[in-house]
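Before any comments, here is the structure.
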Amino acid sequence: MLESSTPSEFDLASFCADPIVRGSAPAKIMILRGPVYADDAAWPGLLRHRDEIVRFLAEVGARLVINEHDGYAFADQTPEGEPGADWPKLFYRDRFSFDVTCVLLVLREWLLKRESVPSDEHTPLAENDLVVELRRFSKKNNANAEKEDARWRTAINRAKEYGLLKKIPGDERAYVVRPIVRAKLSLEILHELKATLERSVTVPDTAGDSASNSNADAAETTSGETSDSSSS
């Protein structure tokens with residue numbers, strides 16, 4: 001007979017009935033799954049129970065990164081040198097593919113061009129326009145245009161799955177670029193990454209992998225950021 005994993009002295013029912021535990025649980029669960037945005041149902045609870053969530057993550061060597069102005073938050077590993085950084089890792093970072101890294105770069109450039117007019121940041125980005133921008137990273141001049149465009153649309157879908165893009169309701173071919181793109185790719189390495197990716201277009205395909213890998217800090221699939229979340 002299997003024994004209960006809950007110690008007899010621990011009152012699970014009372015614990016779950018605690019208002020703070022009940023109130024913060026949805027936000028804790030969602031932040032462990034990935035980024036939480038201002039338009040998510042968990043956002044109000046995350047703000048309301050921020051201190052509790054910070055303590056919760058600190059217990060497992062992680063931290064809460066939140067940008068209220070841009071409306072996003074995510075959990076990340078505690079930076080090296082800080083308490084808890086030497087504990088087992090909760091979040092493991094896998095690098096983006098070359099194609100998704102190209103999408104990230106184009107999205108960051110798109111945001112940068114609109115930062116002088118904040119309202120423009122919410123302007124929808126048409127998928128066709130994004131594909132046009134990505135074509136400059138196609139490695140073969142004589143490549144089949146239809147296949148190349150399909151390739152970039154696949155990468156765009158992956159970027160959406162990573163939370164970098166949000167579809168416009170009622171328009172399947174337009175997106176809002178998520179401000180978290182700024183945290184994924186800082187200005188400090190934007191130009192270096194662009195030059196690396198563009199150089200890779202003129203060399204064999206294997207350079208594509210090295211291009212994205214050589215800029216690992218700029219292209220990671222976890223919620224971890226590459227620069228201060230408040231940077232622009």
On the basis of being within 30 Å of VAL201 (Cβ to Cβ) and either among the basic types (Lys, Arg) or in contact with a helix residue (DSSP H, G or I) (Cβ under 8 Å, 6 or more places away or on another chain) (or both), does VAL36 make the cut? no
Does SER24 satisfy the condition of being within 28 Å of LEU164 (Cβ to Cβ), of a type in the set (S, T, N, Q) and touching a residue at least 40 places away in the same chain (Cβ under 8 Å)? no
Which ranges mark the helices (runs of 4 or more DSSP H) fully within region 68-181 that have 1 or more residues being free of Cβ contacts under 8 Å to residues at least 40 places away in the same chain, in contact with an Asp or Glu (Cβ under 8 Å, 6 or more places away or on another chain) and crowded, with 17+ Cβ neighbours inside 10 Å? 98-114, 127-134
Of ALA211, ALA218, ALA155, which residue is small (Gly, Ala, Ser), at pLDDT 90 or above, within 22 Å of the chain's Cα centre (by Cα) and under 30 Å from LYS89 (Cβ atoms)? ALA155
In this structure, does GLY45 turn out to be small (Gly, Ala, Ser) and either more than 23 Å from LYS184 (Cβ to Cβ) or touching a residue at least 60 places away in the same chain (Cβ under 8 Å) (or both)? yes
Could you tell me which of the residues ASP18, ASP86, ASP39, ASP51 is of a type outside the set (A, V, I, L, M), outside the structural domain of ARG153 (by TED's automatic domain parsing) and closer than 23 Å to ASN157 by Cβ? ASP39
Out of region 22-37, which residues are at pLDDT below 95 and more than 25 Å from LEU12 (Cα to Cα)? GLY34, PRO35
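The values are calculated or read from the model by the stated rules, or taken from the named source; none is laboratory data. Please read all numbers here as calculations on a predicted model, not as lab measurements. Don't worry about glycine lacking a Cβ; one is built from the backbone with ideal geometry, like all the others, and counts go over all protein chains shown.
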